[in-house]
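The values are calculated or read from the model by the stated rules, or taken from the named source; none is laboratory data. Worth saying up front: this structure is predicted, and the values here are computed from it rather than measured. Cβ: placed from backbone, ideal geometry, glycine included. Neighbour counts: every protein chain shown.
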Amino acid sequence: MDFGPHAGFIWASYAIVATTLSLLVAWLVLDGRRLQRLLDELDATGVRRRSDRADPSQS
Amino acid sequence: MAMQQTFTQRLANPTHFMALSARLLPWLASAAGVLIAIGLYLALFVAPPDYQQGQTAKIMYVHVPSAWLAMFGYMVVAASSFGLLVFRHPLADVSAKAAAPIGAVFTSMCLLTGMLWGKPMWGAFWVWDPRLTSVLILFLLYLGLIALRSSIEDESLAGKLTAVLALVGIVIIPVIKFSVDWNSLHQPASITRIGSPAIHASLLWPLLVMTTGMSLLFGALHLKAMRNEVLRRRVKALRIVRADAGTALAQQSAG
């Protein structure tokens, strides 16, 4: 695969996009896991939102 | 109409949204992954070099989808802001907040890949050209929205003020679109123009596949960010309930 004299610019573009999107995906996945863990911990302590307590299906 | 209202009302409930998005997200992410993989293969191994720009035109396959999604992301923020201010849809603010950082990331990718394309073609990484400058303003607008929201503690007030700024800022979208007609170095639209696209099918198809794949990825990222925001608000609500219960208990023991 010969991209000619400007190969560095082409590869740098693809590398920037791949790295940036990978970091974005990793941030969202890790943030989601952290929040779910926090929510599970709060649930385990028995704390309930008012809306949950008002919902008969939750009781 | 009645069915539409029912669906909208159902979607307005964060619990229903979480259930629906949990089912949709794996399909969306998988479709995005497959299309991007096919798009990369077509772009790097199948698409011929451009007759004027040679192999450098391969940057187009990541630059153009990033540029399109930079603008689309802002339209999502603006439409969600409209939904918050006019319809008071409970998920509209969640959507606007979730879309802003993703839009900013796509705008930064558009700017960086554009600079890397500009250097070999124009001889400079940056010129104060109408198209480049207006996209830079879009990036600064995204940063402004994120900064404004994070500077206000009251979530409801932050959402409303950010929504007003987002709606005022929508003027940047037509400016970006038409800036190529204002004595710009940047080439005019090749695909979305009246008549047929000014790009050969051998270059167009890889571009369309990459654009569709990256658009689906944007959708998956937005959905995931919205789910995270719903979780964040639930955690915050539970912490407030726990703090209130702690205060009430302390008052009882003191009394």
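Taking the stretch B:115-134 only, how many residues are of a type in the set (Val, Ile, Thr) and assigned to a helix (DSSP H, G or I)?
1
Only one residue in B:LEU143, B:LEU40, B:LEU112, B:LEU116 is of a type outside the set (Ser, Thr, Tyr), modelled with pLDDT of 95 or more, out of contact with any Leu (no Cβ under 9 Å at 6 or more places or on another chain) and closer than 14 Å to B:HIS186 by Cα, so which one is that?
Just a single option satisfies the conditions, and that option is B:LEU116.
Against the conditions (1) under 27 Å from B:HIS200 (Cβ atoms); (2) surrounded by fewer than 18 Cβ atoms within 10 Å (Cβ to Cβ); (3) of a type in the set (Lys, Arg), where does B:ARG23 fall short? Just the number, please.
(1)
Working only within the stretch A:13-54, note down all residues that are of a type in the set (A, V, I, L, M) and surrounded by 15 or more Cβ atoms within 10 Å (Cβ to Cβ).
Once the filter is applied, which keeps residues that are of a type in the set (A, V, I, L, M) and surrounded by 15 or more Cβ atoms within 10 Å (Cβ to Cβ), the stretch A:13-54 yields A:ILE16, A:VAL17, A:LEU21, A:LEU24, A:VAL25, A:LEU28, A:LEU35, A:LEU38, A:LEU39, A:LEU42, A:VAL47.
Output the residue which, of all residues in the stretch B:45-74 that are in contact with a Phe, Trp or Tyr (Cβ under 8 Å, 6 or more places away or on another chain) and facing chain A (nearest Cβ under 9 Å), is modelled with the lowest pLDDT.
B:GLN55
Within the stretch A:22-43, take every residue that is facing another protein chain (nearest Cβ under 7 Å) and more than 9 Å from the chain's Cα centre (by Cα) and give me the one that is farthest from B:THR56 (Cα to Cα).
A:LEU42
Answer yes or no: is there a residue in the stretch B:96-107 that is of a type in the set (Val, Ile, Thr), without any contact (Cβ under 8 Å) to a residue 12 or more places away in the chain and farther than 27 Å from A:ALA15 by Cα.
The answer is no; no qualifying residue exists.
Take B:ILE102 and decide whether it is of a type in the set (Val, Ile, Thr), within 12 Å of another protein chain (Cβ to nearest Cβ), in a helix (DSSP H, G or I) and over 22 Å from B:HIS186 (Cα atoms).
Against the criterion (of a type in the set (Val, Ile, Thr), within 12 Å of another protein chain (Cβ to nearest Cβ), in a helix (DSSP H, G or I) and over 22 Å from B:HIS186 (Cα atoms)), B:ILE102 qualifies.
Criterion first (assigned to a helix (DSSP H, G or I), over 30 Å from B:PHE45 (Cα atoms), among the aliphatic types (A, V, I, L, M) and at pLDDT 95 or above) does B:ILE137 satisfy it?
yes
Out of B:LEU207, B:LEU185, B:LEU167, I need the residue that is in contact with a Phe, Trp or Tyr (Cβ under 8 Å, 6 or more places away or on another chain), closer than 21 Å to B:MET121 by Cα and surrounded by fewer than 18 Cβ atoms within 10 Å (Cβ to Cβ). Which one?
None of the others qualify; the one that does is B:LEU185.
Does B:LEU112 qualify as being without any contact (Cβ under 8 Å) to a residue 40 or more places away in the chain and either on the phi > 0 side of the Ramachandran plot or part of a helix (DSSP H, G or I) (or both)?
Answer is yes for this residue.
What number of residues within the stretch B:152-185 satisfy the criterion of being modelled with pLDDT of 95 or more and polar (S, T, N, Q)?
1
Restricting to the stretch B:218-227, name every residue that is at the interface with another protein chain (Cβ under 7 Å from one of its Cβ atoms) and more than 12 Å from B:SER95 (Cβ to Cβ).
Selection gives B:LEU221, B:LYS224.
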